[in-house]
Amino acid sequence: MTNGMRRGWGRLTASLAMAGVVGLLAACGGGGGGGDDAGASAVAPATLRVHYQRTGGDYAGWGVYAWHGPTTPSTGWPGSPRFEFGASDGFGRYVDIPVNPSAGRMDFLLNRPTSASEAEKDQECDRVATFAADIATRGQEIWLKQGDCTTYDSAQAASGVNIGHARAMWLSAARLVWPNLPPGGELRLYHAAHGGITVNASGVQGADGFHALSAAALDTALRERFRHLASAPAFALPTLAASEVRSLLKGQLVVARLVQGQVTHATQLQIQGVLDDVYAAQARDQTLGVSFDEAGRPVFRVWAPTARSVELAVVGQPLRTMTEDPGSGVWSHTGEAAWVNNAYYTYRVQVYSRQDGGVVTNTVTDPYAVTLNANSQAAMVARLSDAMFKPAGWDGHAIPPLQAHSDSVIYELHVRDFSANDATVPAAHRGKYTAFAQTGTDGVRHLQALASAGLTHVHLLPTYDLATIPETGCVTPSITSAGATSEAPQATVAATKDDDCFNWGYDPRHYGAPEGSYASDAADGAVRVREFRQMVQALHAHGLRVVLDVVYNHTSGSFLDRIVPGYYYRLNGDGFIERSTCCENTAPEYAMMEKLMIDTLKTWAVEYQVDGFRFDIMGHIPLAAMQAARTAVDAAAGRALLYYGEAWNFGEVANDRQFVQARQAHLRGTGIGSFSDRIRDAIRGGGPFDSGDAVIRRQGFANGRCYDNNALNGSTCTSEQRSELHYQQNLIRLGMAGSVHDFVLNGQLASAYDYGGQPAGYTADPHEVINYAGVHDGETLFDIHQFKLPTTTTAAERARAQVVALGTVLMGQGIPFLHAGDELLRTKSLDRDSYNAGDWFNRIDWSATTNYFGTMGLPSAEKNQAEWDRMRPILSNTNIPPSAADIRATRDAVLDLLRVRRDTTMLRLRSGADVRDCVSFPDAADQRDGLIVMRVTGRKNNGSLCGDGRYANLVVLINAAPTVQTYAVATLAGRSLSLHPVLASGSDSRVREASFASGTGSFTVPGRSVAVFVEPAEAP
Ligand SMILES: [Ca+2]
Ligand SMILES: [Ca+2]
């Protein structure tokens, strides 16, 4: 599989439905036909006709590789089946692909094999065709062009004259580019202050005038900044006064190519580059939002350089005119001191909008809002330093100490999940920020137990102001258990899923304000601030640091476009917003989106005292923006926060097409961490996009690969299965070595081990990797195990498999990450995507009495119906539901492993060099099925300490197999190792049977056990 094919977790697919499948791609649309292909046959039902145009007419070998959507998707590489272009029409060639309408869309790329195993692609883009509602009955057509990642919904849309699109980019005051424009002709830039330009047979109408353009080159700086446009035809504008450029940018802009007086091409302009060129230098350092002057008056500032006017609308007050600073494009107004901490406001922006086709007046909220009233109708004029926004004892409250980022252990938790199901929490606090500040509740006691054992961070799913939970009057459907495979509970959830109180929240509206639905009163902007701080303060008091999940790669809807149309979002070649992340992709490669990100991060770090950030789909953010953010936020906070994210590589930015991405391959040495798909896939088996039998067949290290095959894999382990398992074991070893790129395993560099075409080892230091076996995306760890473990495995053994999986991340170098409830065998009834599955499927029982498996019913039809037939026997399997004793045993075993980790920094080495010099895997050259042996020495060869050097030797043995295993490490013969004291007096009686025979250096470990042996350090 190629890099371009590898994608992140199901967040992407999760959110497809959030955005509404229809119209997901603006340039894709629905549309069941049309175009100028008269003479071509009608499209058959449930068929997608893909048209393709190559400028040179060289179609040989070109075809469609589609991994989602066709009735028979492509697998392998270059792909089987591939759908080669055959039939011709006036546009080019086309191919008909039978599709499965319920798939909702086709995910594909265009490739041409160059050998039996290699192929070239037409652009490094994963393409999407969203299915029309009537594709099942009428079929559908799409149009593609060489060198253009856009999916067009008509042949006409792909033609030269189309001022509904914006296919040219004004990059700087002096230069613009127009990709794919044929050479020659006369180029003109038409302008109209109020819009109204049209193009027809007699030419361009309705413009105020035009400037002639001349062919010109881009300089090096522009070619580097706009690398994906570097080879596009470029043009120079005449020398214009700065004021003239600013004036042009406030109106409609159309470029046209004329040949012998006829318009052959015309399009509108994308203006992000020139806006940065003209305004960013002065705008970047402005204080935006509301600040306060020396007289205590609020000063409002909003960046709107293309606006014709901006007015401040304070609720209950006459409109106030704002004044533009022409150098920065910032509009400002100084208001009245009486408004502070009680007034609410919006802005009225009069602006030309390409999307709306004219000058419009938009009422907008402040992107820099720090708090708002219910459902984000208006922002509050709030001075967060005032007492009314602070809980008692807020200022100077203690933050739990942490010596190094590598000491972090992260717990991913959703605010509502934490207490919605906890009967020990007073009803008014359930699902709210304030639940964290209760005492003695089951949830708080559980967090405290985790913290005292060694958990260091709670990472909260989105808590900024999000769009998908009603902040007033949200409903909680009443559901009763109706049996293991009942369809009723999910149907009840579905009926109110957009009105209920639950959503993951990957739908940002206001990046710098707390979400209102988690506050006790959403209408009063002060309450959410105070209660959010109360939550942070309480978590700190519980001994836990706080990480916020931030989503700067997209917003919910394109509301930022209502202030500066065409600026904040990444645009495709036609000028429409890219949506590869699910929703409207933001463009932090432009200065003011980057500034919005950095400024709002600072708000959380400074005003809310949070301790780190997890970046959703971080690979869509430039590395430079991430590094600038880290530097600026740490400086503002006066301390080093924790930064990590989803550093996947996909979509329109893949392979650094537009800029150097903050993706795994580039994060080495930055100190910014990334989730490791390598260890995840090896522990769980298969991958996040498996479906059908593959979900069951592809077992992993922790659930039986080879050593405990399920029925689909046969009763004996084949050599192929064994080599797959041993490959998984090596991926886990490399993960336990912190994914350090120059760690040597069995004579081979970690970076030389292959993971789907990428290096398995890719970090400089262990804290640059987040090791995990489960996360909110995809099936929970418990649920994925139930697909893959043999049906006869007992509940108690299933619980032990959970500990084995978590043991690999908890006993390894690198930062361990747990999804809340993993230590309680959390299930979502096999749901692969619970983003909108309500409280019912997202429940956690902190009293460790039940995990509800077999009582929740089938998971949501929306996300899982295709798998229901495979799920029914699993949900009905009476071997699976754990007893309270099984759940508590799992929890207590995890607590013991946390204590072991906390006991010595030998398990949390600070640097890649320490990992290289101190960590080894004695069994790597002599692999056993289901066994991993990791040794950490107390001293390096040069005599210096490994971590705290607390032990002369520390040996971790993870035996995933159900049977006892013995492994001898010859170099440890004669040494005096014994089971770690925490485990020797720990909760797990089976682990206590583990032993070490000094004479032979031989370890014996019971089945499905994580054993840690230590040898006291000799006195120096
Ligand atoms: Ca909200
Ligand atoms: Ca919902």
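Values quoted throughout were computed directly from the atomic coordinates according to the rules given, and no laboratory measurement underlies them. Note that the structure is a prediction, hence the values are computed from the model and not measured. Cβ: placed from backbone, ideal geometry, glycine included. Neighbour counts: every protein chain shown.
With a sphere of radius 13 Å drawn around the Cβ of Ala799, what net charge do the other residues whose Cβ falls strictly inside it have (Lys, Arg +1; Asp, Glu -1)?
Charge balance near Ala799 sits at +1.
What order, most packed first, do the peptides 238-251, 958-971, 567-580 have when packing is the mean number of other Cβ atoms within 10 Å of each residue?
Top to bottom by mean Cβ count within 10 Å: 567-580, 958-971, 238-251.
Could you point to the residue in Thr890, Gly947, Leu384 farthest towards the positive end of the chain's charge dipole, with +1 and -1 charges on the Cβ of Lys/Arg and Asp/Glu respectively?
Value computed over the given set: Gly947.
Using every alpha carbon pair in region 893-1005, what percent of pairs falls into each 5 Å bin from 0 up to the bin containing the largest distance?
2, 11, 21, 23, 23, 15, 5, 1
Estimate the FRET efficiency between Leu240 and Thr323 by the formula 1/(1 + (r/R0)^6), using the beta-carbon distance for r and 22 Å for R0, to the nearest 0.05.
Efficiency at R0 = 22 Å is approximately 0.35.
What is the calculated FRET efficiency for Asn180 to Ala885, with r their C-beta to C-beta distance and R₀ = 60 Å, to the nearest 0.05?
0.35
Could you work out how much longer the chain between Trp868 and Ala694 gets when fully extended? Use 0.36 nm per residue separation minus the Cα distance between them, nm to one decimal.
Length difference between fully extended and current span is 61.2 nm.
What residue among Ala973, Tyr835, Ala538 has its Cα farthest toward the positive end of the dipole of the chain, where the charges are +1 on Lys, Arg and -1 on Asp, Glu, each on the Cβ?
Positive-most Cα among the choices belongs to Ala973.
Quickly work out the Ala495-to-Ser117 label distance, labels modelled 7 Å from Cα along the C-beta direction, and quote it in nm with one decimal.
Label-label distance for Ser117 and Ala495, simple model: 5.5 nm.
Loop only per DSSP, at most 11 neighbouring Cβ atoms within 10 Å: give me the GluC sites (Glu not before Pro) in region 760-825, ordered by residue number.
Passing both the DSSP loop test and the Cβ count: no residue.
Taking R0 as 56 Å, what's the FRET efficiency between Arg348 and Ala711 from their Cβ-Cβ distance, rounded to 0.05?
That gives a FRET efficiency of 0.30.
Report the extension gain between Arg223 and Thr1000 in nm, rounded to one decimal, defined as 0.36 nm multiplied by the number of residues separating them, less their alpha carbon distance.
Result: 273.2 nm gained on full extension.
Hydropathy at least -1.0 by Kyte-Doolittle, axial extent at least 18 angstrom from the Cα trace: which helices of the chain, defined as entire DSSP H runs, fit?
525-541, 591-607, 623-637, 795-810, 884-903
In debye to the nearest 20, how big a dipole does the chain give about its Cα centre with +1 on each Lys and Arg Cβ and -1 on each Asp and Glu Cβ?
Charge dipole of the chain: 1100 debye, to the nearest 20.
Distance between Cα centroids, region 426-470 to region 471-495: provide it in whole Å.
Answer, in whole Å: 23.
To check you understand DSSP bridge types, tell me what percent of the beta bridges within the chain (both residues inside) are antiparallel, rounded to 5.
The antiparallel fraction comes to roughly 75 percent.
In terms of Cα to Cα distance under 21 Å, which lysines are near enough to Lys121, apart from those fewer than 8 places away along the same chain?
Straight-distance partners of Lys121: Lys145.
Which value, in debye to the nearest 20, gives the size of the charge dipole of region 316-442 about its Cα centre, when Lys and Arg are +1 and Asp and Glu are -1 at the Cβ?
Using only the charged Cβ atoms, the result is roughly 340 debye.
With just the Cα atoms defining each centre, how far is region 571-623 from region 103-138? Give it in Å.
Taking the Cα centre of each part, region 571-623 and region 103-138 sit 28 Å apart.
Going down the list Lys497/Lys788; Lys788/Lys863; Lys432/Lys828; Lys390/Lys432; Lys828/Lys863, which pairs span over 24 Å between their C-alpha atoms?
Lys497/Lys788
Going highest first, how would you order 355-363, 463-471 by mean Cβ packing within 10 Å?
463-471, 355-363
Return the distance in nm (one decimal) between the two label points of a simple spin-label model at Ala423 and Gln260, each offset 7 Å from Cα along Cα→Cβ.
Label-label distance for Ala423 and Gln260, simple model: 8.6 nm.
Along the charge dipole of region 493-583, which of Ser580, Thr555, Pro514 sits closest to the positive end, that is, farthest toward it, with unit charges on the beta carbon of Lys, Arg, Asp and Glu (+1, +1, -1, -1)?
Result: Pro514.
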